[in-house]
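The values are calculated or read from the model by the stated rules, or taken from the named source; none is laboratory data. Computed from a predicted model, the values in this text were never measured in an experiment. FYI the Cβ positions are ideal-geometry reconstructions off the backbone, even for glycines, and counts take in every protein chain you see.
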């Protein structure tokens, strides 16, 4: 078993677990409360999550590249690409919604912001799916 591959699997799993928590627990809870509080909660949560999830995606992908170099198993590259795909997805697709939510005034938040949060949650679910696919691919690579 390739140790650097195990490390890639761990980094990808932590990324995916955090993403799944946001998709299944945090954002549904956030959209169920009144918009002012939801926007107030989103802002610091998002700022902290960017650092953690971005770092984990880059780390897991870098480790997957190292595992590929050691094993020449293309599954590591595929899993790393799936994990790293979260970066362009976030910047190109989710970022416009993030910006609107970060610019929103909690004092004036209403149904428009609640709908933005729901949209954000749907877009974020793609990050979760990419993470699950990456972890599954890393686990598959470890079987060889």
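Overview of values
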item	result
Members of the stretch 11-42 that are surrounded by 16 or more Cβ atoms within 10 Å (Cβ to Cβ) and without any contact (Cβ under 8 Å) to a residue 24 or more places away in the chain	26, 41
Cβ-Cβ under 8 Å pairs, at least 6 apart or on other chains, the stretch 63-75 side more than 17 Å from residue 14 (Cβ to Cβ), far side in a loop (DSSP other than H, G, I, E, B)	70/2; 71/2; 71/144; 73/144; 75/144
Filter result for the condition that a residue is at pLDDT 95 or above, under 15 Å from the mean Cα position of the chain (by Cα) and surrounded by fewer than 18 Cβ atoms within 10 Å (Cβ to Cβ), over 50, 126	126
Single residue of 48, 30 found to be farther than 25 Å from residue 136 by Cβ and touching a helix residue (DSSP H, G or I) at 6+ places or on another chain (Cβ under 9 Å)	30
Filter result for residue 134 (closer than 19 Å to residue 2 by Cα and in contact (Cβ under 8 Å) with a residue 24 or more places away in the chain)	yes
Some residue of the stretch 98-110 being within 13 Å of the chain's Cα centre (by Cα), crowded, with 16+ Cβ neighbours inside 10 Å and within 27 Å of residue 40 (Cβ to Cβ)	no
